[in-house]
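The values are calculated or read from the model by the stated rules, or taken from the named source; none is laboratory data. Every value quoted in this text rests on a predicted model; they were computed, and no experiment measured them. Positions of Cβ are generated from backbone atoms using ideal geometry, with glycine treated the same way; all protein chains shown enter the neighbour counts. Each accessible area value is taken on the protein alone, full model and side chains, heavy atoms only, with ligands, DNA and RNA left out. Shrake-Rupley method; radii C 1.70, N 1.55, O 1.52, S 1.80 Å.
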Amino acid sequence: MASRAPSKKIAKISPPDSKPSQAKLILALLFAAGAIGVLIFRTHSTLQNAKPALLHLSDDVILGDAPPLPGDDLNTFREKMTQCSALQVEARSKPADVQAWAKAGQAAMVLGDYLSASTDFQRLIQLNTSASSDIYDALGQSQAQLGQRSKALLTYQTLLKRFPHSAEGYIGLSRAQSSFGNKIESLKTLDDASHVMQTIPDRIHIAHEFEQKGDLARALQESQSVLTSSPDDPLAMLMTGHLLFMLVRLPEAQQIYSKLTLAHPEDGKARYTYAEILDNPMTKGRDRQMAENILLDMIQQDPRDPKPYAKLGAMYFEQGHFKQSAYIYIRLLELVPDSAAARLQLAQAYAKLGDLKSSQSQQEIAQRLLMRDREEAQLQADIARQPADAVARLKLALHYQNYGQFGNSLPPLQAAFSIDSGNKAIQSSIQKTYADLHVPLLQ
């Protein structure tokens, strides 16, 4: 690796906020005392070299312990459900209070309590004949999540009759059609939307939906159409550059992102993809030092965004900087402790550093997480094949509960109950879950 110019220390990367254990508090005091430190260096510019100074993570980093797997989220989710339930009870005590129903519905939507949310938003529409498109969209989303195919489709059709230029209406209808297995109808809805949308954000949103459904060519066509008419619009530039990158049209993507990051250095998404382009071995003039600089600066600006950690850790490992790689993956696991990929990468970095005990420990955790993730993917595939199968949704809910993910379990459990409330196993499961959450099942 080419030698770097003399360096000076700058402020260390701030660790993400969390509730530290006693050991972590002691470690924090050691950091504060200056006994150890995270060293990021900035290379100097010289009079002969006008390049800006670059950030670099030195090999003097101190490796702490990888965080353990988190326990189940039952208590945390119970507290959130209790708060949400209180809002539901308050709304029902004020049957004509629009604000109370809106507040309850929004809280339920955020939590994934779609049974309550659908009831709340239906009530809002009854109370307010001039309800906004957002209310209809929220109702449609709730019904789709609950597997209520005919209700969701009718809600979005009503939305589009009332708001014929609503991006939420077309996108929501397309997503609902897709979730119920109607792929052709879903794409046709997006095609219809592309001829109706007028504002740049709406048109870019349609391009994004085409991408989500795997039609990158059509997504690029929509995005480039916007960019042609508005060549300096950051949304159009961001989406077009992203799609060009996904299609491995790197020179074109690099040109757009170079311009975009210069004009909008605060745009984290643009900077991240620009770093990916700069690090890509197929990029002409590949610049891994600049990519490292961008990612480290992103971490300093937003220590809780996991994406730059994952990319940076992989970069360091590929370059043989195994200590820096291990350090970054430990930091990533502080944010997402149940990431199988991060555990595997950390295990590999430990192995390269000769710490076989730590490597084996992380490998064992990663294997358990991989088994969990494979089961989840299979169950979700079963639902995608048979959207009206209530038992398939119950199996997914029980899977989440088995792994202590009670927050994730509620939507598929409610969907199972909504599709087949007479099923004894589903009745038993939802009653037990609500009893464990210490809240009533409101219908």
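Structural remarks
- Only one of 383, 365, 330 that is within 28 Å of the chain's Cα centre (by Cα) and within 18 Å of residue 63 (Cα to Cα): 330
- Counting the residues of the stretch 72-111 that are in contact with a Cys (Cβ under 6 Å, 6 or more places away or on another chain) and open to solvent by 50 Å² or more (accessible area, probe 1.4 Å) gives 0.
- Scanning the stretch 265-305 for residues being open to solvent by 40 Å² or more (accessible area, probe 1.4 Å), in contact (Cβ under 8 Å) with a residue 60 or more places away in the chain and assigned to a loop (DSSP other than H, G, I, E, B) gives a total of 1.
- Qualifying residue in the stretch 162-176 (condition: among the charged types (D, E, K, R) and without any contact (Cβ under 8 Å) to a residue 24 or more places away in the chain): no
- Residue match in the stretch 116-126 (condition: open to solvent by less than 80 Å² (accessible area, probe 1.4 Å), under 24 Å from residue 161 (Cβ atoms), under 21 Å from the mean Cα position of the chain (by Cα) and of a type outside the set (A, V, I, L, M)): no
- Residues that are in a helix (DSSP H, G or I), acidic (Asp, Glu) and within 18 Å of residue 434 (Cα to Cα) within the stretch 79-132 comprise just one, 79.
- Listed by first and then second residue, the pairs linking a residue in the stretch 52-74 that is closer than 18 Å to residue 299 by Cα and hydrophobic (A, V, I, L, M, F, W, C) to a residue that is at pLDDT below 90 and outside any loop (DSSP other than H, G, I, E, B), with Cβ atoms under 6 Å apart and 6 or more places separating them unless they lie on different chains, are 53/42; 53/43; 54/43; 55/40; 55/42; 57/40.
Every residue, every condition in (1) in contact with a Pro (Cβ under 8 Å, 6 or more places away or on another chain); (2) over 23 Å from residue 263 (Cα atoms); (3) of a type in the set (Ser, Thr, Tyr), yes or no:
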site: 169; (1), (2), (3): no, yes, no
site: 180; (1), (2), (3): yes, yes, no
site: 198; (1), (2), (3): no, yes, no
site: 208; (1), (2), (3): no, no, no
site: 215; (1), (2), (3): no, yes, no
site: 233; (1), (2), (3): no, no, no
site: 246; (1), (2), (3): no, no, no
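- Residue 142 being under 25 Å from the mean Cα position of the chain (by Cα) and either open to solvent by 20 Å² or more (accessible area, probe 1.4 Å) or not basic (Lys, Arg) (or both): yes
- A single entry from 184, 204 fulfils the requirement of being of a type in the set (A, V, I, L, M), in a helix (DSSP H, G or I) and open to solvent by less than 50 Å² (accessible area, probe 1.4 Å): 204.
- Test: residue in the stretch 227-249 that is on the phi < 0 side of the Ramachandran plot, of a type in the set (Val, Ile, Thr), modelled with pLDDT of 95 or more and surrounded by fewer than 23 Cβ atoms within 10 Å (Cβ to Cβ): yes
- Residue 350 being more than 21 Å from the chain's Cα centre (by Cα), assigned to a helix (DSSP H, G or I), without any contact (Cβ under 8 Å) to a residue 40 or more places away in the chain and surrounded by 17 or more Cβ atoms within 10 Å (Cβ to Cβ): yes
- Neighbours by Cβ (under 7 Å, 6+ apart or cross-chain): first from the stretch 413-424, closer than 12 Å to residue 113 by Cα and among the small types (Gly, Ala, Ser); second modelled with pLDDT of 95 or more and open to solvent by 50 Å² or more (accessible area, probe 1.4 Å): 415/145
- Evaluation of residue 384 against (1) more than 17 Å from residue 336 (Cβ to Cβ); (2) open to solvent by less than 80 Å² (accessible area, probe 1.4 Å); (3) free of Cβ contacts under 8 Å to residues at least 60 places away in the same chain (one fails), failing number: (3)
- Here 308, 337 are screened, and the one residue that is surrounded by fewer than 20 Cβ atoms within 10 Å (Cβ to Cβ), under 18 Å from the mean Cα position of the chain (by Cα) and at pLDDT 95 or above is 337.
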